[in-house]
1. Mind listing whichever residues of segment A:89-115 are surrounded by 13 or more Cβ atoms within 10 Å (Cβ to Cβ) and more than 14 Å from A:Thr5 (Cα to Cα)?
2. Only one of (1) of a type in the set (A, V, I, L, M); (2) within 14 Å of chain B (Cβ to nearest Cβ); (3) surrounded by 17 or more Cβ atoms within 10 Å (Cβ to Cβ); (4) not in a strand (DSSP E or B) is not met by A:Leu81, so which one is it?
3. Could we say that B:Leu33 is under 29 Å from A:Pro95 (Cβ atoms), among the hydrophobic types (A, V, I, L, M, F, W, C) and touching a residue at least 12 places away in the same chain (Cβ under 8 Å) here?
4. So, in segment A:1-53, of the ones that are hydroxyl-bearing (Ser, Thr, Tyr), within 14 Å of chain B (Cβ to nearest Cβ) and without any contact (Cβ under 8 Å) to a residue 40 or more places away in the chain, which residue ends up nearest to B:Trp35 (Cα to Cα)?
5. Given (1) within 12 Å of chain A (Cβ to nearest Cβ); (2) at pLDDT below 95, identify the lone condition not met by B:Leu70.
6. Considering segment B:1-50 alone, what residues qualify as being away from chain A (no Cβ under 14 Å) and of a type in the set (D, E, K, R)?
7. Report yes if B:Ala104 is under 15 Å from the mean Cα position of the chain (by Cα), part of a loop (DSSP other than H, G, I, E, B) and surrounded by 12 or more Cβ atoms within 10 Å (Cβ to Cβ), otherwise no.
8. Go through B:Asn7, B:Asn12, B:Asn24 for me and flag whichever is of a type in the set (S, T, N, Q) and at pLDDT below 90.
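The values are calculated or read from the model by the stated rules, or taken from the named source; none is laboratory data. These numbers were taken from a predicted model, which means no experiment stands behind them. Here Cβ is always computed from backbone atoms with ideal geometry, including for glycine, and neighbour counts include all displayed protein chains.
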Amino acid sequence: KAGVTQTPRYLIKTRGQQVTLSCSPISGHRSVSWYQQTPGQGLQFLFEYFSETQRNKGNFPGRFSGRQFSNSRSEMNVSTLELGDSALYLCASSPVAGLRANEQFFGPGTRLTVL
Amino acid sequence: SQKIEQNSEALNIQEGKTATLTCNYTNYSPAYLQWYRQDPGRGPVFLLLIRENEKEKRKERLKVTFDTTLKQSLFHITASQPADSATYLCALDGAGGFKTIFGAGTRLFVKA
């Protein structure tokens with residue numbers, strides 16, 4: 001099975017712009033979670049989607065949003081970018097059911113740099 | 001607020017020794033706890049999951065313990081190898097849709 005894929009891998013934007021990141025989960029996985037990773041804060045949960053519905057949300061401002069499509073692919077959007085949004089954005093998919101229900105499979109991440 | 005603490009200092013050990021990493025948490029009652037490995041520039045990779053009613057779990061050279069009274073998990077790598085050098089993250093999940101909370105990770109260096 002192909003792993004979780006994220007596009008693009010690297011992105012450079014300037015303050016005030018917006019960005020959309022994409023994540024394709026492992027085939028058959030219906031849950032997709034997004035995380036922001038920075039050296040100072042570590043891995044922080046952004047939100048989780050399951051069957052096109054947001055199930056959980058972390059403590060991030062409304063500039064961070066996401067959605068999930070019927071094929072389980074997910075996108076996250078960050079509007080009005082700030083310097084502090086520079087981070088590695090990770091997507092993880094989970095089968096939800098079965099023996100490995102709670103295991104999260106991470107993609108390689110998108111490295112976002114805001115100038 | 002919910003908090004997970006992992007030793008922020010890097011752990012340096014000699015090849016062949018046992019590495020022990022600690023994960024402590026407060027203000028949380030996790031249904032299960034997971035350990036992940038992360039290499040530089042890559043996403044975390046799942047290693048082990050232990051449930052609240054389990055005391056210990058093993059997988060090859062890895063062993064995880066979970067003490068819900070002490071609110072602590074220990075992660076052991078026996079017969080460590082230089083290839084085990086990485087950052088190890090612990091993560092907590094509650095039951096019923098609680099979001100996953102990750103610790104900041106502990107960097108492990110295994111010297112040959």
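1. Correct list: A:Pro95, A:Val96, A:Arg100, A:Asn102, A:Glu103, A:Leu112, A:Thr113, A:Val114.
2. Among (1) of a type in the set (A, V, I, L, M); (2) within 14 Å of chain B (Cβ to nearest Cβ); (3) surrounded by 17 or more Cβ atoms within 10 Å (Cβ to Cβ); (4) not in a strand (DSSP E or B), the lone unmet condition for A:Leu81 is (2).
3. Working: under 29 Å from A:Pro95 (Cβ atoms): yes; among the hydrophobic types (A, V, I, L, M, F, W, C): yes; touching a residue at least 12 places away in the same chain (Cβ under 8 Å): yes.
Yes: the conditions hold for B:Leu33.
4. Out of the qualifying residues, it is A:Tyr49.
5. In the conditions (1) within 12 Å of chain A (Cβ to nearest Cβ); (2) at pLDDT below 95, B:Leu70 misses (1) alone.
6. B:Glu9, B:Glu15, B:Lys17
7. It is true that B:Ala104 is under 15 Å from the mean Cα position of the chain (by Cα), part of a loop (DSSP other than H, G, I, E, B) and surrounded by 12 or more Cβ atoms within 10 Å (Cβ to Cβ).
8. B:Asn7
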